[in-house]
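The values are calculated or read from the model by the stated rules, or taken from the named source; none is laboratory data. These numbers come from a predicted model, not from an experiment. Virtual Cβ from ideal backbone geometry, glycine too; neighbours counted across all protein chains shown. All accessible areas refer to the heavy atoms of the entire protein, side chains included, with ligands and DNA or RNA removed. Shrake-Rupley method; radii C 1.70, N 1.55, O 1.52, S 1.80 Å.
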Amino acid sequence: MNKLFDHVTKLKSSPRILVVGDMILDDYIWGTVSRISPEAPVQVVEQQRNNFALGGAANVANNLSTLNCKVEMLGVIGDDDNGKKLLKLLRKAGISTKPVIVVPGRPTTIKTRVIAHNQQILRIDKEDKTSIDKEHEALILKKFDGIIKDIDGIIISDYLKGVVTKKVATKIIKQAKKHNKIVIADPKGKDLSKLKGSTIITPNLKEIKEAAPIKISSEQEIERAIQYIFGLLDLDYILLTRSEKGMTLYKKDGGSLNIPTTAREVYDVTGAGDTVISVLMMGLVTGLEIEDSCKLANRAAGIAVGKIGASSITLDEIIDELKENINHSGKKVVSWESITRIASFLKNHKKKIVFTNGCFDLLHYGHIKYLQDAKALGDVLIVGLNSDSSVQRLKGKKRPLINEKERAKLLAAMDCIDYVVIFSEDTPLEIIKTVGPDILVKGGDYTPDEVVGKEQVEKYGGKVKIIPLVKNLSTSTIVDKIVKLNS
């Protein structure tokens, strides 16, 4: 996950993505249930509030926008109040609505969900699922031709509401390939032939079962169905989303990659597929390889299903998730290059950084108490660890007793430590300048004026703290005791 973390934290470009598909207005009615109706054996929901949100292809566009992409939305709405509400939400999200087409007489698709005690208990759909007519097909393709040269990628989000006709899909994909643009399609229905030539499709298992004329009840049969679809559609990849089993990336050369789920708690799977396709595209157009883009999309999906409703995922949420994963995977020992980006990220998120350093050779209770006290001073504790060569110069040729890699792993195993970075200089001055901590900590065997980095830290408003040491406990005294016991 370090690679993904590094990639996301240093993103500078804002790729331009076109979303083509069925826009939906989501209406959420929130309330409580405390009784059963006397008129029929149904729950009575006492409405407390309601809100509107972007759904369907519009939710894909919203996810891309919150990932700092520039987004163009191409689709149709009705000439009605719901259409106006949808346009207003798109514009508020920073999504370009210039390509949106208003079709008189066609209702804007709206899904009304009734939610009580954070559980969806009813959904009401109002829609026209008939395909758009030839006039509006031509208008969509004309608008697409005017955009294609200026975009980095295209997402086709088909909800079977009539926008993604065979003519629209096939011509868009053909033009995209001519301009070397990535096309990711989220398929629906039994006939996937209109998506032939896409770079990637992102079906779920139900959609694979519908599209392939193969009985599926085992992994081998899933594989056969996948190969059938590859042969049918001339794709580069298929990313199969598999609920609690995570995802599987299939390649046209026959290779595959299983990616286990990361969700801690699942509250609502609404819109999770939209999150996957959005993050997948963002990863690919910003330079991530397909495998890493899928892993990133999987992390984002784990966040999405922990929310109620079709929710967008921000870059900050993904970064926080990746950072937490790094901390819990034992990969807390980081390079100078990584700690520079990590420190910058932490400062941007107003986290108080505590820094201390030492040899930590033969870790003992005094060290543990000192480090726990240091962490209590802020949000994140970064420890600078003297390298083996540095320890030798400071302590003599017989030290360290434990090599730098093992010392780093011991420190990383402590819950109170967030990151460990090894330095080879005699003093930690350069790493202190790199991290720029809010609080610089040293033990009670130092006075504040003796602390290396004090001047630099106080210059920008940071503080130096001295933490009392546990009396009569040090590595040297432990070593001396061992020597005496064995002499």
(message) Could you go through region 230-245 and let me know if any residue there is open to solvent by less than 30 Å² (accessible area, probe 1.4 Å), in a helix (DSSP H, G or I) and either among the small types (Gly, Ala, Ser) or at negative phi (or both).
(response) yes
(message) Looking at Thr112, Thr130, can you tell me which residue is in a loop (DSSP other than H, G, I, E, B) and over 26 Å from the mean Cα position of the chain (by Cα)?
(response) Thr130
(request) List the number of the failed condition for His367; all other conditions in (1) crowded, with 22+ Cβ neighbours inside 10 Å; (2) modelled with pLDDT under 85; (3) more than 17 Å from Phe423 (Cα to Cα) hold. (result) (2)
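Select from region 209-229 the residues that are in a helix (DSSP H, G or I) and not charged (D, E, K, R) and write down the one among them that is most open to solvent (accessible area, probe 1.4 Å). Can you show your working first?
Step one: filter region 209-229 for residues in a helix (DSSP H, G or I), giving 209-211, 219-229.
Of the ones still in play, those that are also not charged (D, E, K, R) are 211, 220, 222, 225-229.
Working: Ala211: 13, Gln220: 130, Ile222: 8, Ala225: 0, Ile226: 0, Gln227: 74, Tyr228: 91, Ile229: 1 Å².
Residue satisfying both the conditions and the ranking: Gln220.
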(request) Among residues belonging to region 304-322 that are open to solvent by less than 30 Å² (accessible area, probe 1.4 Å) and not in a loop (DSSP other than H, G, I, E, B), point out the one that is modelled with the lowest pLDDT. (result) Ala304
(message) Checking Tyr228 against (1) more than 14 Å from Ile200 (Cα to Cα); (2) within 28 Å of the chain's Cα centre (by Cα), only one condition comes out false. Which one?
(response) (2)
(request) Kindly establish whether Val20 is within 30 Å of Gly105 (Cβ to Cβ) and either in a strand (DSSP E or B) or open to solvent by 50 Å² or more (accessible area, probe 1.4 Å) (or both). (result) yes
(request) Of all residues in region 345-364, count the ones that are out of contact with any helix residue (DSSP H, G or I) (no Cβ under 6 Å at 6 or more places or on another chain) and either open to solvent by 60 Å² or more (accessible area, probe 1.4 Å) or β-branched (Val, Ile, Thr) (or both). (result) 5
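Within region 394-411, is there a residue that is of a type in the set (Lys, Arg) and in contact with a helix residue (DSSP H, G or I) (Cβ under 6 Å, 6 or more places away or on another chain)?
Filtering region 394-411 down to residues of a type in the set (Lys, Arg) leaves 395, 397-399, 405, 407, 409.
Now restrict to residues that are in contact with a helix residue (DSSP H, G or I) (Cβ under 6 Å, 6 or more places away or on another chain): 399.
Within region 394-411, one or more residues are of a type in the set (Lys, Arg) and in contact with a helix residue (DSSP H, G or I) (Cβ under 6 Å, 6 or more places away or on another chain).
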(request) Go through Lys98, Lys3 for me and flag whichever is touching a residue at least 24 places away in the same chain (Cβ under 8 Å), open to solvent by 70 Å² or more (accessible area, probe 1.4 Å) and within 30 Å of Thr340 (Cβ to Cβ). (result) Lys3
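Pick from Ala58, Ala116, Ala93, Ala138: which is buried (at least 23 other Cβ atoms within 10 Å of the Cβ) and either out of contact with any His (no Cβ under 8 Å at 6 or more places or on another chain) or over 30 Å from His7 (Cβ atoms) (or both)? Working first, answer last.
Values: Ala116 fails: buried (at least 23 other Cβ atoms within 10 Å of the Cβ); Ala93 fails: buried (at least 23 other Cβ atoms within 10 Å of the Cβ); Ala138 fails: buried (at least 23 other Cβ atoms within 10 Å of the Cβ).
Result: Ala58 is the single residue among Ala58, Ala116, Ala93, Ala138 that is buried (at least 23 other Cβ atoms within 10 Å of the Cβ) and either out of contact with any His (no Cβ under 8 Å at 6 or more places or on another chain) or over 30 Å from His7 (Cβ atoms) (or both).
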(request) May I ask you to list the residues in region 43-55 that are surrounded by 24 or more Cβ atoms within 10 Å (Cβ to Cβ) and out of contact with any Phe, Trp or Tyr (no Cβ under 9 Å at 6 or more places or on another chain)? (result) Leu54
(request) Hey, can you tell me all the residues within region 148-169 that are outside any loop (DSSP other than H, G, I, E, B) and open to solvent by 10 Å² or more (accessible area, probe 1.4 Å)? (result) Lys149, Asp150, Lys166, Lys167
(request) Just give me the residues in region 255-290 being open to solvent by 30 Å² or more (accessible area, probe 1.4 Å), at pLDDT below 85 and assigned to a helix (DSSP H, G or I), in sequence order. (result) Gly273
(request) Mind listing whichever residues of region 44-100 are more than 29 Å from the chain's Cα centre (by Cα), outside any loop (DSSP other than H, G, I, E, B) and not aliphatic (A, V, I, L, M)? (result) Glu46, Gln47, Gln48, Arg49, Gly78, Asp81, Asn82, Gly83, Lys84
